[in-house]
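These notes are about the structure you will find just below.
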Amino acid sequence: MAKVLIAETSYLVRKGLVSLLEQTEGVAELKAAGHPDTIVQTIKEYNPDILLLNSAIQLPISHNELTSILHSKARIIYIINTPLPEDSPSHQISVFDTKNKLTEKISYHLKQYETTEEKEEAEDLTPREKLILKHVALGFTNKEIATKLFISTHTVISHRKNITRKLDIKTVSGLTVYSLINGIIKMEDIQ
Amino acid sequence: MHINPTTKMSDLVQSDFELLAVLQRLKIPFGFKEKSIKTVCQEQNIDLNFFLNLARWYHERDFFPGETLMNHPVKWLVKYLRSTHSCYIDYHIPRIEEDIVRMESLDQSGGHNMQLMLKFFREYIAEFTTHIQLGEEKIFPYILNLEENLYKEKPDAEFLKTARGYTIKDFLEEHSDIEEKLLDLRNILLKYLAPPSDNCLFTNVLIEIFRLGNDLNDHTILEESVLIPQVIKLEEAFHNKFTLQ
Ligand SMILES: [Fe+2]
């Protein structure tokens with residue numbers, strides 16, 4: 001099941017998509033944002049799995065920044081304000097598309113998301129991730145962890161992203177509490 | 001329901017009791033009898049449109065509040081945000097803290113989990129207090145001064161000096177994310193803690209945390225998407241009028 005966010009300035013299109021998605025299988029939660037300024041904030045807060053974004057919207061952040069605030073399994077479907085050719089890619093929908101076409105494309109992504117999600121969610125943290133988590137909880141910075149474990153800072157960051165996504169915990173103190181509860185570190189370690 | 005000036009205040013609350021929070025923050029007293037929104041606002045000296053825009057946004061949620069709320073004097077919004085802050089600090093936060101303290105005292109598992117939660121929440125309170133102090137001591141006074149001076153013939157010399165070296169954008173950097181930790185607390189309680197002895201208390205703490213989280217989200221939207229852009233506009237107007245001649 002996926003969390004879907006509709007980012008669309010047109011009131012009519014937004015409402016239309018909301019009512020379509022309410023009847024679509026695989027949607028766990030649905031939210032809509034209608035103004036460029038609130039969209040980014042909503043993405044950060046809501047952390048959607050699927051983002052339906054009108055391609056004409058000028059976001060205050062770049063495309064790269066956008067993908068970096070989305071989690072790694074998240075998918076973007078673009079809403080296009082012009083008609084699309086018959087063989088348009090599945091990650092583009094047009095405001096002119098028929099109900100069938102829209103459902104087909106959106107359902108495709110919902111299914112794709114579900115399969116990747118189930119595979120991932122079924123497993124706990126990997127031993128590697130646990131090791132990284134332990135170091136984070138002990139208060140080491142990304143750079144220190146990289147040096148200690150002979151890996152690049154980039155790798156540490158990508159492990160941390162996965163840890164946060166799997167556990168749903170973002171802050172260092174939150175990760176520390178989790179580690180204490182689950183015996184990954186001990187009280188004495190941090191005193 | 002569509003909210004309009006002739007809607008009875010009591011009907012409004014009955015149709016959406018979450019709006020009570022808005023009334024409280026505007027310090028509107030109860031005892032509405034059959035009075036309309038318009039009459040209540042008049043009596044309480046609250047701008048009717050400001051009230052309608054706020055209430056509609058909270059109720060309907062389907063538009064960006066900036067478009068409508070930005071057109072009012074900024075001091076009204078500041079007043080609203082201030083009373084929201086005190087609501088958090090004086091009521092919501094201490095209540096959650098008390099409940100966690102109670103959970104800790106009832107915890108017979110022999111572990112330290114509740115103690116950890118309490119420590120975590122107290123860290124959060126410290127962060128939260130910093131956020132509020134920054135608003136109360138620096139940001140809000142600056143904004144009120146800015147608006148006041150903008151409409152003067154000549155701005156106060158002292159404020160002019162401040163305005164030359166300052167912009168609201170500097171504050172934004174210090175403006176920390178006050179929701180992240182609360183979300184973490186919520187997720188840890190929800191997903192990773194063994195069920196405690198008193199379920200009623202535990203559930204209630206969770207409900208309170210969810211409520212506060214939602215409310216903070218609205219609060220952040222008001223601060224970051226209405227207040228700040230509005231202040232940036234005021235700053236531009238101020239500099240056009242006084243410093244860029
Ligand atoms: Fe605030």
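The values are calculated or read from the model by the stated rules, or taken from the named source; none is laboratory data. These numbers come from a predicted model, not from an experiment. All Cβ positions, glycine included, derive from the backbone under ideal geometry; neighbour counts span all protein chains shown. Heavy atoms of the whole protein, side chains included, go into the accessibility calculation; ligands, DNA and RNA do not. Shrake-Rupley method; radii C 1.70, N 1.55, O 1.52, S 1.80 Å.
Out of the total accessible area of chain B (probe 1.4 Å, heavy atoms of protein only), what percent is carbon and sulfur? Before the final figure, lay out each step's value.
Details: 6460 of 12450 Å².
Answer for chain B: carbon and sulfur cover 52 percent of the accessible area.
If you take the Cα centroid of the stretch A:71-119 and the Cα centroid of the stretch B:57-131, the two points sit 38 Å apart. For the stretch B:9-63, relative contact order (Cα pairs under 8 Å, six or more residues apart, normalised by length) works out to 37 percent.
Count Lys and Arg as plus one, Asp and Glu as minus one, and take only other residues whose Cβ is under 11 Å from that of residue B:222; the net charge is then -3. Axis of helix A:11-22 versus longest Cα principal axis of chain A: the two differ by about 70°, to the nearest ten degrees.
The A-B contact accounts for roughly 2000 square angstrom of buried accessible surface, both chains included, probe 1.4 angstrom.
The residue among B:105, B:155, B:76 whose Cα reaches farthest toward the positive pole of the charge dipole of the stretch B:71-243, with charges on the beta-carbon of Lys, Arg, Asp and Glu, is B:155.
Test of the criteria: in the stretch A:1-57, which GluC sites (Glu not before Pro) are in a DSSP loop and have at most 10 other Cβ atoms within 10 angstrom of their Cβ? Could you put the intermediate results ahead of the total?
On the way: sites: A:8, A:22, A:25, A:29, A:45; in loops: A:8, A:25.
In loop regions of the stretch A:1-57 (DSSP not H, G, I, E or B), the sparsely surrounded GluC sites (Glu not before Pro) are A:25.
Computed about its Cα centre, the charge dipole of the stretch B:94-237 is approximately 160 debye, with only Lys, Arg, Asp and Glu carrying charge at their Cβ. Note on chain B: with charges restricted to the Cβ of Lys and Arg (+1) and Asp and Glu (-1), its dipole about the Cα centre is near 620 debye. Legend: mean number of C-beta atoms from other chains within 10 angstrom of residue C-beta atoms, peptide B:65-71, equals 1.
Given the pairs A:31/A:105; B:38/B:152; B:75/B:138; A:44/A:134; A:44/A:73; A:170/B:79, which are separated by over 21 angstrom at their Cα positions?
As for pairs spanning more than 21 Å Cα to Cα, those are B:38/B:152; A:44/A:134; A:170/B:79.
Please compute the average number of Cβ atoms from other chains found within 10 Å of each residue's Cβ in peptide B:188-194. Let's see the in-between values first.
Numbers: counts 8, 0, 1, 4, 7, 2, 1.
Mean shielding count: 3.
Return one number: the angle in degrees, 0 to 90 and rounded to the nearest 10, between the long axis of the Cα atoms of helix A:36-46 and the longest principal axis of the Cα atoms of chain A. Long axis of A:36-46 versus the principal axis of chain A: about 50 degrees. Averaging over all projection directions, the Cα-based convex hull of chain A occupies 12.5 nm² in the image plane. Please tell me the relative contact order of chain A in percent, rounded to the nearest whole number, where contacts are Cα pairs under 8 Å and at least six residues apart. With pairs under 8 Å counted, the relative contact order is 16 percent.
The smallest convex shape that holds all Cα atoms of chain B, its convex hull, gives 146 Å³ per residue. Here the translational diffusion coefficient of the stretch A:2-113 follows from Stokes-Einstein with Rh set to the Kirkwood radius across Cα pairs; for 4 °C and 1.567 mPa s it amounts to 93 µm²/s.
Close amide H contacts of residue A:27 (hydrogens built in the peptide plane, cut-off under 5 Å, sequence separation of 5 or more or a different chain): A:2.
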